[in-house]
Amino acid sequence: MSLTGTPFLYTTIVLSVVALIIPLVLWSRMRGPRAVRAAARVLMLLFAQATAVTLIFVLVNNQNNLYDNWADLLGTGDHVQQAANLGRDGTGGIALKRLPKVRQNFTAADGPAMHAAGGVRVTQLSGRVSGVDAEVYVWLPPQYDQPGYRNHRFPVVELLPGYPGSAKAWFGSLKVHEQLEPLMRSGRVAPFILVAPRTNLLAGVDTGCANIPGTVNADSWLSIDVPKMVTDNFRAAAAPANWAVAGYSAGAHCAVKLAVAHPDRYRAAVSLSGYNDPIGERNSLASQSVSLRERNNPYLLLRKAAEPPRIALYLSGESGDGYQAGVALGQVAKAPTTVHVVFLPRSAGGHNMALWRPQVPSVFEWLTVNMGQSRPRAGATPREPSSAGSTHAALASGTASRADAARRR
């Protein structure tokens, strides 16, 4: 029975109701020795508590798409077949243009909201470069099958979830395709192909979207194997000018890191409540050593870049949860790199889907403009907030004074 399926949800609801009814009916009717009656009552209470906790977990998991299946929940899933040393560029010296085309079979994806707005499709991809074998979800814009667009190549946005998190989360929890479909039809947002690859590749740890020889090549999976599969199977426009990557929480860190590290593969990145130092996620493999942290910290990568990358970054967050990290990037960025930071007050929500879901339209309007898909509309982009009163070190680590942020409100 699927962890996120309707049958399991209904089963937990029925068991919770039964667990509530049993004590009401049998509590005073128990017969036998006192010790036996006491033990039976304790078991009834434990059963009621267990079913209640299970139901709450299922509801929260379905709402936030934290765990996609039983293997993710139990920590038994492993999607890494091999993890060769692929070098600094993550290619292992492979001439990517000479690789044969990747032809994939796609099926309709199952789960909440996956059939809405034209439906999301899914495929199981074996990455030839990364050695990762995992699922990738794809949603096509409404214009894709229209006759007038039959020769058109579409821009692409890769969508990355947090940790723990399912690749379905952008569709099931943030409802990105349901929000964007009418905006694409009206022309407010460009017709992007949306791609959500699995990022939870190893049991019980966050890969940090890093390449770690002998362990995982998550960077190459996301920035090489997945894009190649998309361009080989769909009318996707060429990178980097027409490719962007977006994420929330741990996925936000990955999005910015991928764009800063690979301006030859991405033109823009979106970070919702992200961080710069991989140690922001304590279970991140990229935080296990100083050298790994430095190689996967977009702040340090941007500051040390011999030539500023031609990328655009959009970062939003509350004080202490994404905002300072964004401002830090803005302070070290040099043209042609552009950084747009959005300050969110505490009243906006918190580190959850309720904060990120309403940002989807404005984020994709920003992507539409900054990827050259249309001209900016008046008032479409929020004004960048001030970062006065915070040091470079505090901003880079995400520990800048909350009092400073409070004064700016």
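The values are calculated or read from the model by the stated rules, or taken from the named source; none is laboratory data. On a predicted model such as this, the values are computed, not experimentally measured, just so you know. Every residue, glycine as well, gets a Cβ built from its backbone with ideal geometry; the counts of neighbours run over all protein chains shown. Just so you know, the surface numbers come from the protein's heavy atoms only, side chains and all, with ligands and any DNA or RNA stripped out. Shrake-Rupley method; radii C 1.70, N 1.55, O 1.52, S 1.80 Å.
Values for this structure:
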{"read-out": "Once the Cα gyration tensor of the stretch 202-320 is diagonalised, semi-axes √(5λ) in Å", "value": "22, 17, 14"}
{"read-out": "Difference of contour (0.36 nm per residue) and Cα-Cα distance, ARG34 to ARG282", "value": "84.4 nm"}
{"read-out": "Solvent-accessible area, 1.4 Å probe, carbon plus sulfur percent, for the chain", "value": "55 percent"}
{"read-out": "Within the stretch 80-137, trypsin sites (Lys or Arg not before Pro) in DSSP loop having at most 11 other beta-carbon neighbours inside 10 Å", "value": "ARG88, LYS101, ARG103"}
{"read-out": "Mean Kyte hydropathy of 0.5 or more with a Cα span along the axis of at least 27 Å, helices from DSSP in the chain", "value": "6-26, 34-64"}
{"read-out": "Mean projection area, nm², convex hull over Cα of the stretch 80-212", "value": "9.5 nm²"}
{"read-out": "Per principal axis, descending, Cα span of the stretch 270-334 in whole Å", "value": "30, 30, 16"}
{"read-out": "LYS334 paired with ASP78, simple spin-label distance in nm, labels 7 Å along Cα-to-beta-carbon", "value": "4.5 nm"}
{"read-out": "Heavy-atom accessible area ranking, 1.4 Å probe, most first, across GLU307, GLU294", "value": "GLU307, GLU294"}
{"read-out": "Under 16 Å from LYS97, Cα to Cα: aspartates and glutamates that are on another chain or at least 8 residues apart", "value": "ASP89, ASP225, ASP232, ASP264"}
{"read-out": "Net length gained if the chain between SER289 and ALA108 were fully extended (0.36 nm per residue, minus Cα distance)", "value": "61.1 nm"}
{"read-out": "Computed [θ] at 222 nm, deg cm²/dmol, the chain (DSSP H ≥ 4; -39,500 (n - 2.57); rounded to nearest 500)", "value": "-10500 deg cm²/dmol"}
{"read-out": "For the chain, accessible area per residue (1.4 Å probe, heavy atoms of protein chains only), Å²", "value": "45 Å²"}
{"read-out": "Sparse-neighbourhood loop sites, trypsin sites (Lys or Arg not before Pro) in the stretch 261-298 - DSSP loop, at most 14 other Cβ within 10 angstrom", "value": "ARG282"}
{"read-out": "Candidates per trypsin sites (Lys or Arg not before Pro) in the stretch 1-65, loop by DSSP, up to 12 other Cβ within 10 Å", "value": "ARG31"}
{"read-out": "Stokes-Einstein D (µm²/s) once Rh is taken as the Kirkwood radius of the stretch 1-155 over alpha-carbon pairs, at 37 °C in 0.692 mPa s", "value": "159 µm²/s"}
{"read-out": "Shape box of the stretch 177-226 [Cα atoms, principal axes, largest first, Å]", "value": "48, 22, 12"}
{"read-out": "Proximal lysines to LYS168, defined as alpha-carbon separation beneath 24 angstrom and excluding residues fewer than eight positions away on the same chain", "value": "LYS228, LYS257"}
{"read-out": "Length released on extending from THR11 to HIS152, taking residue separation times 0.36 nm less the Cα-Cα span", "value": "46.1 nm"}
{"read-out": "Point-to-point label distance, ASN352-ASN69, nm (Cα→Cβ direction, 7 Å offset)", "value": "2.9 nm"}
{"read-out": "Shape metrics for the chain, restricted to C-alpha atoms - Rg then Dmax, Å", "value": "23.2, 82"}
{"read-out": "Relative contact order of the stretch 260-336, pairs being alpha-carbon contacts under 8 Å that are 6 or more residues apart, as %", "value": "40 percent"}
{"read-out": "Cβ-Cβ FRET estimate between ARG310 and PHE57, R0 fixed at 45 Å, reported to 0.05", "value": "0.50"}
{"read-out": "Charge-dipole axis of the stretch 110-269 as Lys and Arg at +1 and Asp and Glu at -1 on Cβ define it, positive-most pick from MET114, LEU183, ALA246", "value": "LEU183"}
{"read-out": "Net dipole in debye of the chain [+1 Lys, Arg Cβ; -1 Asp, Glu Cβ; about Cα centre; nearest 20]", "value": "480 debye"}
{"read-out": "Heavy-atom SASA rank of ARG188, ARG153 (probe 1.4 Å, accessible area, largest first)", "value": "ARG153, ARG188"}
{"read-out": "Bins of 10 Å, starting at 0 and running to the largest distance - Cα pair percent for the stretch 11-56", "value": "30, 46, 20, 3"}
{"read-out": "C-alpha center-to-center spacing [the stretch 331-370, the stretch 274-314] in angstrom", "value": "18 Å"}
{"read-out": "Computed E for LYS101/LEU24 - FRET, C-beta separation, R0 56 angstrom, nearest 0.05", "value": "0.30"}
